[in-house]
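Single-structure report; data block below.
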Amino acid sequence: MRSGVASFATHASPDRNFRDVSVAANVTDLNDNVIDSLNPGGLTAIGRGLIAAKAMFDADAARAASKATLVITDGVNTDGPDPASLLPD
């Protein structure tokens, strides 16, 4: 399994590129350190977060049978593109 983190507020950024993770506990440890270092603020640009996540998927050399994005937000999209317009059909 591979895990990465992208954050979004007014802008979006990749905060931890994908890495191989062999045990679920390692996913928690690796991501908690990154998530704990995030500073909330600004608007809620969910669409920009999805764009950042897709760029991370596209740049990841590992091929996977499936890929998933988990979005955690404190509200509704208030800036940037509409997230629904970015979802595949």
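The values are calculated or read from the model by the stated rules, or taken from the named source; none is laboratory data. Keep in mind the model is a prediction, meaning the values are calculated, not measured. Cβ atoms come from the backbone with ideal geometry, glycine included; neighbour counts cover every protein chain shown.
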(request) Only residues in the stretch 70-89 that are on the phi < 0 side of the Ramachandran plot count as the first member; pair them with residues that are loosely packed, with under 10 Cβ neighbours inside 10 Å and modelled with pLDDT under 90, Cβ under 8 angstrom, at least 6 apart or cross-chain, and list the lot. (result) 74/40
(message) List pairs: first residue in the stretch 55-69 and farther than 11 Å from residue 18 by Cα and modelled with pLDDT of 75 or more, second residue of a type in the set (Gly, Ala, Ser) and in a helix (DSSP H, G or I) anywhere in the structure, Cβ distance under 7 angstrom, at least six positions apart or on different chains.
(response) 69/53
(message) Take residue 52 and tell me if it is in a helix (DSSP H, G or I), modelled with pLDDT of 85 or more and within 11 Å of the chain's Cα centre (by Cα).
(response) yes
(request) Scan the stretch 30-89 for residues that are surrounded by fewer than 11 Cβ atoms within 10 Å (Cβ to Cβ) and basic (Lys, Arg) and report the count. (result) 1
(request) Return yes or no: is residue 47 modelled with pLDDT of 90 or more and either more than 15 Å from the chain's Cα centre (by Cα) or in a strand (DSSP E or B) (or both)? (result) no
